[in-house]
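Enquirer: My questions all concern the structure below.
The values are calculated or read from the model by the stated rules, or taken from the named source; none is laboratory data. Computed from a predicted structure; not experimentally measured. As a convention, Cβ positions derive from the backbone with ideal geometry for all residues, glycine included, and neighbour counts pool all protein chains shown. Protein only, heavy atoms only, side chains kept; ligands, DNA and RNA dropped before computing areas. Shrake-Rupley method; radii C 1.70, N 1.55, O 1.52, S 1.80 Å.
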Protein chains: 2
Amino acid sequence: MREQKIRTMEDFAAASGISRPTVSKYFNDPDSVRRSTRQKIEEALERFEYRPNIFAMNQNRRATKNIGIIVPYLADPFFAEIVRVIERRCIDAGFSPSLFSSHGEREREIDILDNLRSLKPAGVLLAPLGRQSDKPAIEAFCRDVPTVLFDSSIEGMGEAFVGSDNYSFVSQTVEYLSRTGDRPCFFEMMHPANPNANKRRDAYLSMMQRLQLEPHVLRVAGEGWGFEEIGRQGGLKLLAEDGLPTNTVLCSNDRLAIGFLAACYEKGVRVGRAEGCDLRVASHDGHPFSQFTCPSLTTSAHDYATVSEHVVKTLFRLIESGGRFEKREETLFPARLIMRDSA
Amino acid sequence: MREQKIRTMEDFAAASGISRPTVSKYFNDPDSVRRSTRQKIEEALERFEYRPNIFAMNQNRRATKNIGIIVPYLADPFFAEIVRVIERRCIDAGFSPSLFSSHGEREREIDILDNLRSLKPAGVLLAPLGRQSDKPAIEAFCRDVPTVLFDSSIEGMGEAFVGSDNYSFVSQTVEYLSRTGDRPCFFEMMHPANPNANKRRDAYLSMMQRLQLEPHVLRVAGEGWGFEEIGRQGGLKLLAEDGLPTNTVLCSNDRLAIGFLAACYEKGVRVGRAEGCDLRVASHDGHPFSQFTCPSLTTSAHDYATVSEHVVKTLFRLIESGGRFEKREETLFPARLIMRDSA
DNA sequence: ATCAAAACTTCACGCGCGTAAAAATTTGTT
DNA sequence: AACAAATTTTTACGCGCGTGAAGTTTTGAT
């Protein structure tokens, strides 16, 4: 380390006894140079710990090695968990993931897309806000940058969508609940932020019809991303009004259910499938906290690992295909019913 | 928009009738040019929507406008919430925040620091892993990059530390609990990841001594960042063994408490301060979910808004001071006791 | 040993912008 | 109107690296 003058690739090339263009090639793809050359470079790399200047690298490169990851609401552990897995896979594949959260705000999502554009990312994984999203802005973005949507789809946007099959989620819970007890009512918020909510309601209705049961949708006031509080307030109101037509409630998602369970607890309503309980509650998502609710929550869970793996694999494939697919792909994964104590 | 040829600052300067160096100055600091010039540029900016090339910009700039934000575990809503506020403030101040999560892994933290270095950030906000952190690596990083630590401090590292005053947290809960009922036992994990845990235990011990009460620390097995499960398992074990010397449990943090409450529920132990309850449980942090536990959790809460505001203000001050303070600053904010149903 | 393919070296240019220096212009003050 | 200060323009260089073209060396198969 006596020679600290290794600042540029020029210096480093000289120190390693390889020409700069070849060193440059190496950093672009270590496998693109001869084995012996690679060894020499990597030996030098250990001796001098030089790192190429990111800004200079990306200035002229056609595509960078950046991958943008955008989620609607990072404070939701569901997204935090998915991001964790996705980040890891990107890094392992030699990319640099940049993480952004729209924080539930339309303007923020637009800004993020705008900034991301100038980062010239190789590809982007976007979980859009949904109803709040600026559709034209997203469409324009997807035209310019290879993008895979996940979590919630927007008709025709992005080169691919990877998500969970809402019908699979709901059919499993509805089937289980109606088989083992009273028919379920569907609990949701009035203006869901996310299109999955609508699909789940539709799935509930169609499933009830198929089972020849009378459906019942409970819609509670509320907007935004504070689902737990909405579920709690809605729950308190329903319980006070005695507004539950059956003793089984199926919540649209786990965060609503967490709030609903809190309301039940406050009101002394015993939730569970055990003897002496007043109410059964089930839900969808497999939220990381769903096993710590009181009682633990019966839910249809996303297959986090499979979904996130497929998301990144699709993006890598898209990048290798030059950023375009022949035809928009859409992949949905089924849910896995997790039976716990609440229903 | 007929002239789409605006690709470079050169083009844009020509189109706006201003010389390129002046335009460059404008993008560095809009206030550094004459009022009339600024107007002309901003008018042109609307007509052509040109945006300077980030990579070319940062290549020669002494300091970029990037700010790195590193948290130990983003799937913890506590950090997600803090990050949300910090991000917003950075953006409002004209910086570009980049968010990273160490995901509880030592190696990941090291890698992030390494990558961040080459992003030449104007400053970095670092919430270190704590016990797991590679101290020398962090120290070296802080020497090179203006860094403010938050959440958990590491002796002497960074130019400043901003966090919460653990003594304030614990003294309030201990005082409240012992005044209104049985003396509290302190519930913690064996090998806490975070140094705050140790400070809280010490605060508990010293507070109990001052109140002339016999302290009792319950340490449960467990390591890593799955606090809820650790709390739950530990709780189940304690309840099975009848290992609680008093009917009041003070958890080191809310996530442990969430798990502990789940254990109590499973075992049929009624938690709360109301008539007929078996156990009181309180905790520290003011976790976003603490109001939705069953029962809702009495806790000493961080002052999120104040802490995060002070964190970013300190960093901005540091950046303006050229990256160094005369003397390392350390600011601690007191907690606010939130009384709910659990104790 | 022979030869074509593969990999490397040398040379050179340019990416888009920061920034310094000197000259020209505008501004604000007396 | 005169002049210094503030600002802008002109000119020019360089940042660190990607990348192409042309020539040279190495490789591996015959």
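Enquirer: Just one of the numbered conditions (1) surrounded by fewer than 23 Cβ atoms within 10 Å (Cβ to Cβ); (2) within 14 Å of chain A (Cβ to nearest Cβ) is not true of B:Ser168; which one?
Expert: Result: B:Ser168 passes all but (2).
Enquirer: Can you find, within the range A:1-29, the residue that is most open to solvent (accessible area, probe 1.4 Å) among those that are within 8 Å of DNA strand D (Cβ to nearest atom) and charged (D, E, K, R)?
Expert: Let us first name the residues in the range A:1-29 that are within 8 Å of DNA strand D (Cβ to nearest atom), namely A:7-12, A:20-21, A:23-25, A:27-28.
From the residues that got through so far, the ones that are charged (D, E, K, R) too are A:7, A:10-11, A:20, A:25.
Numbers: A:Arg7: 186, A:Glu10: 111, A:Asp11: 56, A:Arg20: 104, A:Lys25: 107 Å².
Among residues in the range A:1-29 that are within 8 Å of DNA strand D (Cβ to nearest atom) and charged (D, E, K, R), the one most open to solvent (accessible area, probe 1.4 Å) is A:Arg7.
Enquirer: Could you tell me which residue of the range B:264-310 is farthest from B:Lys237 (Cα to Cα), considering only residues that are of a type in the set (D, E, K, R) and open to solvent by 40 Å² or more (accessible area, probe 1.4 Å)?
Expert: Initially, the range B:264-310 is screened for residues of a type in the set (D, E, K, R), giving B:266-267, B:270, B:273, B:275, B:278, B:280, B:285, B:303, B:309.
Filter again for open to solvent by 40 Å² or more (accessible area, probe 1.4 Å), leaving B:266-267, B:270, B:273, B:275, B:278, B:303, B:309.
On the way: B:Glu266: 12, B:Lys267: 11, B:Arg270: 17, B:Arg273: 23, B:Glu275: 26, B:Asp278: 17, B:Asp303: 33, B:Glu309: 41 Å.
It comes out as B:Glu309.
Enquirer: Right, here's the next one. Which condition does A:Phe187 not pass, out of (1) at pLDDT 95 or above; (2) surrounded by fewer than 22 Cβ atoms within 10 Å (Cβ to Cβ), if it passes all the others?
Expert: (2)
Enquirer: Go through the range A:57-89 residue by residue and tally those that are at pLDDT 90 or above, within 14 Å of DNA strand C (Cβ to nearest atom) and open to solvent by less than 40 Å² (accessible area, probe 1.4 Å).
Expert: 1
Enquirer: Okay, next question. Which number in (1) within 14 Å of chain B (Cβ to nearest Cβ); (2) within 9 Å of DNA strand C (Cβ to nearest atom) marks the one condition that A:Phe27 misses?
Expert: Condition not satisfied by A:Phe27: (2).
Enquirer: Residues of the range B:57-105 being of a type in the set (Gly, Ala, Ser) and either within 11 Å of another protein chain (Cβ to nearest Cβ) or touching a strand residue (DSSP E or B) at 6+ places or on another chain (Cβ under 7 Å) (or both), which ones?
Expert: Looking only at the range B:57-105, we keep the residues that are of a type in the set (Gly, Ala, Ser), and these are B:63, B:68, B:75, B:80, B:93-94, B:96, B:98, B:101-102, B:104.
If the condition is that a residue be of a type in the set (Gly, Ala, Ser) and either within 11 Å of another protein chain (Cβ to nearest Cβ) or touching a strand residue (DSSP E or B) at 6+ places or on another chain (Cβ under 7 Å) (or both), then B:Gly68, B:Ala75, B:Ala80, B:Ser96, B:Ser98, B:Ser101, B:Ser102, B:Gly104 are the ones that fit.
Enquirer: Considering only the range B:62-78, state which residues are without any contact (Cβ under 8 Å) to a residue 40 or more places away in the chain and within 16 Å of DNA strand D (Cβ to nearest atom).
Expert: The one that is without any contact (Cβ under 8 Å) to a residue 40 or more places away in the chain and within 16 Å of DNA strand D (Cβ to nearest atom): B:Arg62.
Enquirer: Kindly list the number of the only condition in (1) at pLDDT below 95; (2) under 15 Å from the mean Cα position of the chain (by Cα); (3) more than 19 Å from A:Pro334 (Cα to Cα) that fails for A:Leu315.
Expert: Failing condition for A:Leu315: (1).
Enquirer: Between a residue in the range A:113-140 that is hydroxyl-bearing (Ser, Thr, Tyr) and any residue that is assigned to a loop (DSSP other than H, G, I, E, B), which pairs come within a Cβ distance under 7 Å, given they are 6 or more apart or on different chains?
Expert: Matching pairs, first to second residue: A:Ser118/B:Arg51; A:Ser133/A:Ile154.
Enquirer: Let me ask something else about it. Out of the residues in the range B:221-251 that are in contact with a strand residue (DSSP E or B) (Cβ under 6 Å, 6 or more places away or on another chain) and under 30 Å from B:Leu149 (Cβ atoms), state the one that is surrounded by the fewest Cβ atoms within 10 Å (Cβ to Cβ).
Expert: Residue satisfying both the conditions and the ranking: B:Gly222.
Enquirer: Follow-up question, since we're still on this one. Cβ-Cβ below 6 Å, separation at least six or inter-chain, first residue in the range B:208-228 and touching a residue at least 24 places away in the same chain (Cβ under 8 Å), second in a loop (DSSP other than H, G, I, E, B): which pairs?
Expert: B:Met208/B:Pro215; B:Leu213/B:Arg183; B:His216/B:Pro245; B:Arg219/B:Met190; B:Ala221/B:Met190; B:Glu223/B:His191; B:Trp225/B:Tyr73; B:Trp225/B:Gly104
Enquirer: Okay, next question. Can you tell me which residues in the range A:158-201 are of a type in the set (A, V, I, L, M) and under 22 Å from A:Asp76 (Cβ atoms)?
Expert: A:Val162, A:Val170, A:Met189, A:Met190, A:Ala193, A:Ala197
Enquirer: Could you tell me whether B:Pro128 is of a type outside the set (Gly, Ala, Ser), assigned to a helix (DSSP H, G or I), more than 14 Å from chain A (Cβ to nearest Cβ) and more than 18 Å from B:Asn66 (Cα to Cα)?
Expert: It is false that B:Pro128 is of a type outside the set (Gly, Ala, Ser), assigned to a helix (DSSP H, G or I), more than 14 Å from chain A (Cβ to nearest Cβ) and more than 18 Å from B:Asn66 (Cα to Cα).
Enquirer: Output the number of the condition that B:Gly276 fails; it satisfies all remaining conditions of (1) touching a Phe, Trp or Tyr at 6+ places or on another chain (Cβ under 7 Å); (2) in a loop (DSSP other than H, G, I, E, B); (3) free of Cβ contacts under 8 Å to residues at least 60 places away in the same chain.
Expert: Result: B:Gly276 passes all but (1).
Enquirer: On to the next question. Condition first: outside any helix (DSSP H, G or I) and surrounded by 15 or more Cβ atoms within 10 Å (Cβ to Cβ). Can you find one or more residues in the range B:311-325 that meet it?
Expert: Keep residues of the range B:311-325 that are outside any helix (DSSP H, G or I), which gives B:321-325.
Right, trim to surrounded by 15 or more Cβ atoms within 10 Å (Cβ to Cβ) and you get B:323, B:325.
Taking every residue of the range B:311-325 in turn, at least one turns out to be outside any helix (DSSP H, G or I) and surrounded by 15 or more Cβ atoms within 10 Å (Cβ to Cβ).
Enquirer: Next question. Limited to the range A:208-220, what total is found for residues that are crowded, with 17+ Cβ neighbours inside 10 Å and under 26 Å from the mean Cα position of the chain (by Cα)?
Expert: Residues that pass the stated criteria total 1.
Enquirer: When you go through (1) open to solvent by less than 20 Å² (accessible area, probe 1.4 Å); (2) not in a loop (DSSP other than H, G, I, E, B) one by one for B:Pro136, which number turns out not to apply?
Expert: Status for B:Pro136: all satisfied but (1).
Enquirer: Condition (residue is surrounded by 13 or more Cβ atoms within 10 Å (Cβ to Cβ) and near DNA strand D (Cβ under 7 Å from one of its atoms)) applied to the range A:30-50: is it met by at least one residue?
Expert: Among the residues of the range A:30-50, not one is surrounded by 13 or more Cβ atoms within 10 Å (Cβ to Cβ) and near DNA strand D (Cβ under 7 Å from one of its atoms), which makes the answer no.
Enquirer: Are there any pairs, at least 6 apart or on different chains, whose C-beta atoms fall under 7 Å, with the first in the range A:80-93 and touching a residue at least 60 places away in the same chain (Cβ under 8 Å) and the second open to solvent by 30 Å² or more (accessible area, probe 1.4 Å) and of a type outside the set (Lys, Arg), and if so, which?
Expert: A:Glu81/A:Pro288; A:Glu81/A:Tyr304; A:Ile82/A:Tyr304; A:Val85/A:Tyr304; A:Val85/A:Ala305; A:Arg89/A:Glu309; A:Ala93/A:Phe316
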